[in-house]
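Participant: I'd like to ask some things about the structure below.
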Amino acid sequence: MKNTFGQNISVTLFGESHGEAIGAVIDGLTPGIPVYEERISRELTRRRPSSSIDTPRRENDNFRILSGVFGGKTTGTPLAIIIPNENVKSSDYEYGSARPSHADYTAFCKYHGFEDFRGGGHFSGRITAALCAVGGILLPALEKLGIKIGTHILKCADIKDNEFCDFERDITALNSAPFPTISSECGKNMTKKIKEAAENSDSIGGITQTAVLGAFAGLGEPWFDSVEGLISHAVFSLGGIKGIEFGKGFGFADTKGSESNDEFKVENGKIVTKTNNNGGINGGITNGMPIVFNCAVKPTPSISRPQNTVDFIKKENTEITIHGRHDPAIIRRICPVIDSVCAIVISDLLASRYGNDVFLKGDKLCSSD
């Protein structure tokens, strides 16, 4: 029953959708990292429902840092963040009827019926708010090292956004954009498609694209802790993610080596590649080019149409019409969550290679002498 990710810097998630609160504990942070509460608030706001294409459940996300921070900086002890649940409506959920494509039945099998089923319990997308709070601490720490992370909606319904081009500009714009697309016109058209799905009591999915700019060359291991493996491990913890590809990904299947190989060159005294089809990773290890990966996001499984299912308590076939407050598409709100999850992976990789004090690079380290 493990809910922790990371080796040198680890994150443990706790809480349920309709419980008293959700939260996270970050362990392994070196002392002295600045913690900006306004940045935590900003990351939570990026994820928070805010329009007609989002769930009507509105939470204030009034987080509290319980430990691990003193005088605005990390102390080196476990940092605990708690976010109260203030807007729950548990009467919308009935135990025993398995919502299609949800974790109701698998949770019952795993936890023997002792699970908190309300709103999906510990499996709920509500828990991702805690991940964004963690991102509010790790993302600015990475930025001080020159590492920036951004995610946009590459495709939603039949609308396709521009791919990353000017990484610095695009990531900066995305982190303050109300709708995470590089092209604002594409964002408007995607919003229309999401509204149409909602009006038809349905939902839609899409594809996100994430870029990590400035990651040092040499991170990762050649086999079981490859950069692709660790990012995939973390990203697949998000229930809405059902596929991932790095760089050209599945597009490699339709090309020849002469077309898809990334040739090396020296540019301004730095080794780079002419193309980035491998997404910044060779042999499981970062090569200094931007890490780029795409994620397939499934349509929100909660739709208000009648569906066939089972009552797993009575072991009977039945029909269900899902009530409650749900997003017709989670793809907008999952973008900052992917940023935060990616920040956990990159932070842990840095600490594994250089030691946890890497985050104080440029600062004078404290000495006991």
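Participant: Treating only the Cβ of Lys, Arg, Asp and Glu as charged (+1, +1, -1, -1), what charge dipole size does the chain show about its Cα centre? Round to the nearest 20 debye.
Facilitator: Dipole of the chain, to the nearest 20 debye: 380 debye.
Participant: In addition: Can you pick out the pairs among Lys298/Lys361; Lys148/Lys265; Lys160/Lys195 whose Cα atoms lie more than 28 Å from each other?
Facilitator: Exceeds cut-off: Lys298/Lys361.
Participant: What residue among Gly269, Gly32, Gly288 has the largest mean-square fluctuation in a Gaussian network model of the chain, using Cα springs under 10 Å?
Facilitator: Per the Cα network of the chain with a 10 Å cutoff, Gly269 tops the list.
Participant: Follow-up question, since we're still on this one. For segment 217-365, build the charge dipole from Cβ charges (+1 Lys, Arg; -1 Asp, Glu) around the Cα centre, then report which of Ser226, Ser347, His323 sits farthest towards its positive end.
Facilitator: His323
Participant: In degrees between 0 and 90, to the nearest 10, how far off the longest principal axis of the chain does helix 331-354 point, with axes built from Cα atoms?
Facilitator: Rounded to the nearest ten degrees, it is 40.
Participant: Now for a separate question. What is the Rg over Rh value, at two decimals, for segment 1-72, using alpha-carbon atoms and the Kirkwood definition of Rh?
Facilitator: Radius of gyration over Kirkwood radius for segment 1-72 works out to 1.00.
Participant: Of Asn85, Asn60, Gly72, which is farthest along the charge dipole of segment 4-127 in the positive direction, counting Lys and Arg as +1 and Asp and Glu as -1 at C-beta?
Facilitator: Going by the charge dipole, the pick is Gly72.
Participant: A further question on this structure: Using +1 at the C-beta of Lys and Arg and -1 at the C-beta of Asp and Glu, which of Pro336, Gly279, Ile194 has the Cα lying farthest in the positive direction of the dipole of segment 4-360?
Facilitator: Highest projection toward the positive end goes to Ile194.
Participant: Show the residues, 5+ positions off or on another chain, whose built amide H is closer than 5 Å to the amide H of Thr74.
Facilitator: Long-range HN contacts for Thr74: Gly32, Ile33, Val35.
Participant: For Met289, Met190, what ranking results if the residue with the fewest other Cβ atoms within 10 Å of its Cβ goes first?
Facilitator: Met289, Met190
Participant: For segment 4-360, what does the relative contact order come out to in percent, with C-alpha contacts under 8 Å and a separation of six or more?
Facilitator: Normalised by residue count, the contact order of segment 4-360 is 24 percent.
Participant: Moving to a separate point now. Could you work out how far helix 37-47 tilts from the main Cα principal axis of the chain, as a 0 to 90 degree angle to the nearest 10?
Facilitator: Roughly 50 degrees between the two axes.
Participant: Another question, if that's okay. Over segment 69-211, what is the relative contact order in percent, taking alpha-carbon pairs closer than 8 angstrom and at least six residues apart?
Facilitator: 20 percent
Participant: Are there chymotrypsin sites (Phe, Trp or Tyr not before Pro) in segment 150-247 that DSSP marks as loop and that have at most 14 other Cβ atoms within 10 Å, and which are they?
Facilitator: For chymotrypsin sites (Phe, Trp or Tyr not before Pro) across segment 150-247 that sit outside H, G, I, E and B with at most 14 neighbouring Cβ atoms in 10 Å, the list reads Trp223, Phe224, Phe236.
Participant: So what is the calculated 222 nm ellipticity per residue for the chain, using -39500 (n - 2.57) for each DSSP H run with n of 4 or more, over all residues, to the nearest 500 deg cm²/dmol?
Facilitator: That comes out to -8000 deg cm²/dmol.
Participant: Can you give the angle from 0 to 90° between the axis of helix 128-143 and the longest principal axis of the chain, with both taken from C-alpha atoms, to the nearest 10?
Facilitator: 10 degrees
Participant: Normalised by the residues of segment 1-71, what does the relative contact order come to in percent, with Cα pairs under 8 Å and at least six apart?
Facilitator: 17 percent
Participant: Oh, and also: Could you point to the label whose value was computed as Cα extents along the principal axes in Å for the structure here, given [x] 114, 65, 64; [y] 66, 57, 37; [z] 62, 53, 31?
Facilitator: Correct label is [y].
Every read-out reported here was derived from the displayed coordinates using simple, explicitly stated rules and does not represent laboratory data. These figures come from a predicted structure and were not determined experimentally. We place every Cβ from the backbone using ideal geometry, glycine too, and count neighbours over all the protein chains shown.
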